[in-house]
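Q: Can you keep this structure in mind? I'll have questions shortly.
The values are calculated or read from the model by the stated rules, or taken from the named source; none is laboratory data. The structure presented is a predicted model; accordingly, all values stated were derived computationally and were not measured. With ideal geometry, Cβ positions are generated from the backbone for all residues, glycine too; neighbour counts draw on all protein chains shown.
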Amino acid sequence: MVATFQLRTDGNRAIDITDEVVKAVTESGVREGVAVVSLPHTTASVGIISFPDPLGLVDVMDEVNRWIPTRIDFKHQHDTPQDAAGHVKSTLIGTSLSLIVTDGAPLLGHSQKVYFMEHDGPRNRQFHVQVVGQ
Amino acid sequence: MTHTALRAQVESLGALIRDTTWEVEDHARRTISTPDHHALQLVLLTGCGDSFFAARAAQFAWQELTGLPCFADDALTAARYRIGDLAGGRRFRPLVVAVSNSGEVARVVEAARTAQALGNFVVAVTAAADSRLAAAADKVLPVAAPPFAAAPGVRSYAMSLLGLFHLAIRSGEVRGRYTMDEAGALRRELAALADAVDQTVAEAAPVVARLAADWGDRAQLQYLGSGPSRASAGYGAAKVLEATGISARDQDVEEFAHLEYFTADTSIPVVLTTPGDGAARSRAEEVAALLEKLGRPTVTVSDQPLTGVHLPYAAGVRELWQPLLHIVPLALLAEELMRLRGEEPGRGGRDGWADSADGSTTRSSRITVPLANS
């Protein structure tokens, strides 16, 4: 069963969704298996980022913007320059993430958290978590 | 009651907006490239007649949504006085948006050709992709309404407004003034005007019928409005002129207090278009009080009543978009007066007005375009 979570982004930044992922795993009843986090979007991405220093999150987003800055000469002009850049960022970083589930919880390192990375906010967003195993 | 083409056009407006708004939006999305949107520094909207009123109404949406200086000129002023030095010697390429439903009105074609000859970026908003105006433009935003019985411009005016509004929303979106979601919400506001127009037809028609019966024998009418409603005042006067031949004048609310207020004939009716939450509302209230003291027969066109006789339109629409709603009571009043007085639009294009029957009075004028380097 897929768990779906809604969120409203307030700009282009990384948003901690670890608690929601843990909740989905816990409520699935799966003790050993795999959790897949998936975003049904093309201008956002999902990833694991070190959380103890919040400025590290800013660094990640800043570097993403440095790699793929919002420019006005993208060929994709149906939407906006930020949207066009967001498509590239989303493709390069990815919209799904697999996590090992063990002992009824996602296996994360001590400084790891799961982040929803918004590249075209503010927007109404959602993400899904599917847990398989036993 | 005879169902005139003019009335049928008014009653079809809701369906017209419903059927065309997303198609116009799609065209507006593709008319100007992203780099060209970002190069904009100044916008001039121009047209003649109804197209000038559309430009005049939409200039405020353009200014608010794009954050750029934007103004509207009639096409003669634009072509022969304004465009020659629009950039003021600075290194940017002004955007000139030239509006003409037929695309053949001489002065608008002249404004577009002049603008292009002098290096401006020209966008034509027209129903005729093969017109002289389209040929004189860098880009064309098509705004053709589905075929309908001919009448003094109602559907064509609505399509021009819709095109100008969608293009303004798009420009602000691409320029990063707001998010895609917010742009989408603005577009849905325009789409929702279809229902608001239908509601307005139902609410305004019976009031218009009573009002026309009272005013049917008047030789003059005065229309007032400010901001976007200044364009509506011009449009209302134009519809009455075209439909009935009544001498109808339009004026800004403030300017009225300085000028026409002193008119000796206090029997001339006044049509005051004043949005309830409009920036000019407080001044409209003061002028309405002056009119009452003079004994001038006055009706307000508003989403919030101001005078005893009131032509309503649907509430909850932002002032920027309201000219699309104003069409309904203003054109209905023209139609009722036309029918009561047994008139034909444009005096039937007969007798002294025969020159206008084929549109040649506005299309055949000599076009003058300066040399690019003169």
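Q: Which residues, taken from the stretch B:116-146, are closer than 30 Å to residue B:18 by Cβ and in a helix (DSSP H, G or I)?
A: Of everything in the stretch B:116-146, those that are closer than 30 Å to residue B:18 by Cβ and in a helix (DSSP H, G or I) turn out to be B:133, B:134.
Q: Of everything in the stretch B:338-361 that's at pLDDT 85 or above and among the basic types (Lys, Arg), which residue is surrounded by the fewest Cβ atoms within 10 Å (Cβ to Cβ)?
A: By that ranking, first place goes to B:341.
Q: If you don't mind, another one. Among B:125, B:174, which is the only one that is closer than 30 Å to residue B:8 by Cβ, in contact with a Ser or Thr (Cβ under 7 Å, 6 or more places away or on another chain) and not basic (Lys, Arg)?
A: Exactly one residue qualifies, and that residue is B:125.
Q: Check residue B:346 against each of (1) touching a Pro at 6+ places or on another chain (Cβ under 9 Å); (2) within 27 Å of residue B:18 (Cβ to Cβ) and name the one condition it does not meet.
A: Here residue B:346 clears every test but (2).
Q: For the stretch A:43-79, enumerate the residues that are within 12 Å of chain B (Cβ to nearest Cβ) and touching a Ser or Thr at 6+ places or on another chain (Cβ under 8 Å).
A: Result: A:43, A:72, A:73, A:74, A:77.
Q: Please go through the stretch B:146-158 and pick out each residue that is modelled with pLDDT under 95 and surrounded by 16 or more Cβ atoms within 10 Å (Cβ to Cβ).
A: Result: B:151, B:152, B:153.
Q: Mind telling me which of the residues B:244, B:307 ends up being surrounded by 15 or more Cβ atoms within 10 Å (Cβ to Cβ), in contact (Cβ under 8 Å) with a residue 12 or more places away in the chain and either within 24 Å of residue B:160 (Cα to Cα) or touching a Pro at 6+ places or on another chain (Cβ under 9 Å) (or both)?
A: None of the others qualify; the one that does is B:244.
Q: Taking the stretch A:23-44 only, how many residues are more than 19 Å from residue A:12 (Cα to Cα) and in a strand (DSSP E or B)?
A: So the count comes out to 5.
Q: Out of everything in the stretch A:90-125 that is out of contact with any helix residue (DSSP H, G or I) (no Cβ under 8 Å at 6 or more places or on another chain), within 14 Å of chain B (Cβ to nearest Cβ) and part of a strand (DSSP E or B), what residue ends up being surrounded by the fewest Cβ atoms within 10 Å (Cβ to Cβ)?
A: Taking the candidates together, the pick is A:125.
Q: Quick check on the stretch B:137-179: of everything there that is among the aliphatic types (A, V, I, L, M) and closer than 30 Å to residue A:122 by Cα, which residue is farthest from the other protein chains (Cβ to nearest Cβ)?
A: Ranking the qualifying residues of the stretch B:137-179, first place goes to B:161.
Q: Here is a follow-up. Taking strands (runs of 3 or more DSSP E) that do not extend beyond the stretch B:1-115, which have at least 3 residues that are more than 14 Å from chain A (Cβ to nearest Cβ), touching a helix residue (DSSP H, G or I) at 6+ places or on another chain (Cβ under 8 Å) and crowded, with 24+ Cβ neighbours inside 10 Å?
A: Because the criterion is at least 3 residues that are more than 14 Å from chain A (Cβ to nearest Cβ), touching a helix residue (DSSP H, G or I) at 6+ places or on another chain (Cβ under 8 Å) and crowded, with 24+ Cβ neighbours inside 10 Å, the strands (runs of 3 or more DSSP E) in the stretch B:1-115 that meet it are B:43-47, B:95-99.
Q: Now a separate question. Working carefully through the options B:253, B:287, B:271, find the one that is in the same structural domain as residue B:331 (by TED's automatic domain parsing), touching a residue at least 60 places away in the same chain (Cβ under 8 Å) and within 23 Å of the chain's Cα centre (by Cα). Even if it seems obvious, please write down each step before you answer.
A: Working: B:253 fails: touching a residue at least 60 places away in the same chain (Cβ under 8 Å); B:287 fails: within 23 Å of the chain's Cα centre (by Cα).
Within the list B:253, B:287, B:271, the selection yields B:271.
Condition check ((1) out of contact with any Gly (no Cβ under 6 Å at 6 or more places or on another chain); (2) surrounded by fewer than 17 Cβ atoms within 10 Å (Cβ to Cβ); (3) closer than 15 Å to residue A:116 by Cα) across all residues:
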position: A:6; (1), (2), (3): yes, yes, yes
position: A:9; (1), (2), (3): no, no, yes
position: A:17; (1), (2), (3): yes, no, yes
position: A:43; (1), (2), (3): no, no, yes
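Q: Residues to consider are A:30, A:36; find the one that is modelled with pLDDT of 95 or more and either more than 15 Å from the chain's Cα centre (by Cα) or small (Gly, Ala, Ser) (or both).
A: Exactly one residue qualifies, and that residue is A:30.
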